[in-house]
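The values are calculated or read from the model by the stated rules, or taken from the named source; none is laboratory data. Because the structure is a prediction, the values reported are computed rather than measured. Virtual Cβ from ideal backbone geometry, glycine too; neighbours counted across all protein chains shown.
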Amino acid sequence: MIVGNGEIGAEAAAAVVDAAFVIRFNECRSYEASPGRTDVVAICNTGRPAKAMLGSDAWREHPGVREAAAIWSVRDPEKFAELRAPLAVSHPELGDFCDDYTSQFNAFCTAVGKAHVVVDKVIHEAVDTALAAYHPAPYVVPSSGMIVIAEVMNRFPEAAIDLAGFGHAGWEWHPFAAERQLVDSYVAAGRVTRLPASTSLSSSQGA
């Protein structure tokens with residue numbers, strides 16, 4: 001079960017309770033609507049989100065973060081080091097976007113007895129390749145949610161994968177329209193299942 005930060009209906013919330021493995025994102029904003037199990041917190045380990053989480057006692061003490069056995073850093077430092085120079089030209093306003101905090105998250109995990117997984121850049125690059133088929137508008141990077149879906153499909157190739165709280169909307173420099181189409185293709189192929197939000201499938205994601 002991969003739980004994004006968008007709208008979560010009653011059916012999805014009940015499924016989270018019964019799931020065998022639950023992944024949440026960053027500040028675990030899904031937790032209020034779907035409290036319960038958290039096995040992994042997938043985090044943005046670069047830029048302002050990373051800095052904010054590391055500096056927040058509230059994040060460290062969040063029940064989802066405390067319960068999780070592992071933190072997954074979704075941004076391979078090598079990949080983001082490669083992105084820094086071209087982004088300085090194309091998006092100078094994102095000057096701190098590639099600032100890397102992976103070592104600090106590793107230290108946090110070591111201190112509290114959690115596993116720390118860094119998602120390899122090959123996953124990021126495979127997502128870029130898959131998205132290209134849907135002709136996305138220019139974007140900076142895929143969303144954390146899309147990276148985690150790809151990582152789970154790669155890591156657990158035989159697993160049934162449910163999605164909740166995914167509306168494919170949020171930061172302007174994620175290719176959300178193409179991501180929706182790509183996930184639709186996985187749903188059509190029977191690889192993943194989208195659980196409905198309480199009102200629609202097009203609520204805000206933010207993962």
Quick one: in segment 1-12, which of the residues that are assigned to a loop (DSSP other than H, G, I, E, B) and of a type outside the set (A, V, I, L, M, F, W, C) is surrounded by the most Cβ atoms within 10 Å (Cβ to Cβ)? Gly4
Residue by residue through segment 34-58, note down the ones that are over 13 Å from the mean Cα position of the chain (by Cα) and closer than 20 Å to Val192 by Cβ. Ser34, Arg37, Thr38, Asp39
Looking at (1) in contact with a Leu (Cβ under 7 Å, 6 or more places away or on another chain); (2) crowded, with 24+ Cβ neighbours inside 10 Å; (3) not charged (D, E, K, R), which one does Ala15 not meet, given that it meets all the others? (2)
Return yes when Ala42 is at pLDDT 95 or above, under 21 Å from Leu163 (Cα atoms), surrounded by 18 or more Cβ atoms within 10 Å (Cβ to Cβ) and in contact with a Gly (Cβ under 9 Å, 6 or more places away or on another chain) and no when it is not. yes
Using beta carbons and a limit of 9 Å, which pairs, at least six apart or on different chains, have the first residue in segment 75-102 and in contact (Cβ under 8 Å) with a residue 24 or more places away in the chain and over 16 Å from Arg48 (Cβ atoms) and the second one of a type in the set (Asp, Glu) and assigned to a helix (DSSP H, G or I)? Lys79/Glu125
For segment 105-117, state whether one or more residues are modelled with pLDDT of 95 or more, among the polar types (S, T, N, Q) and more than 17 Å from the chain's Cα centre (by Cα). yes
Take Val140 and tell me if it is among the β-branched types (Val, Ile, Thr), in a loop (DSSP other than H, G, I, E, B) and either modelled with pLDDT of 95 or more or under 30 Å from Glu67 (Cα atoms) (or both). yes
Please determine, by comparing only the residues of segment 67-81 that are in contact with a Lys or Arg (Cβ under 8 Å, 6 or more places away or on another chain) and over 20 Å from Trp171 (Cβ atoms), which one is surrounded by the fewest Cβ atoms within 10 Å (Cβ to Cβ). Glu78
Residues being crowded, with 18+ Cβ neighbours inside 10 Å and under 19 Å from His91 (Cβ atoms): count how many of those fall in segment 128-145. 7
Give me the pairs: first residue in segment 174-193 and closer than 11 Å to Ser143 by Cα, second residue at pLDDT below 95 and among the small types (Gly, Ala, Ser), beta-carbon distance under 7 Å, and six or more apart or on different chains, which are they? Pro175/Ala137; Phe176/Ala169; Phe176/Gly170
Can we say Phe25 is hydrophobic (A, V, I, L, M, F, W, C), under 15 Å from Ser143 (Cβ atoms) and surrounded by 13 or more Cβ atoms within 10 Å (Cβ to Cβ)? yes
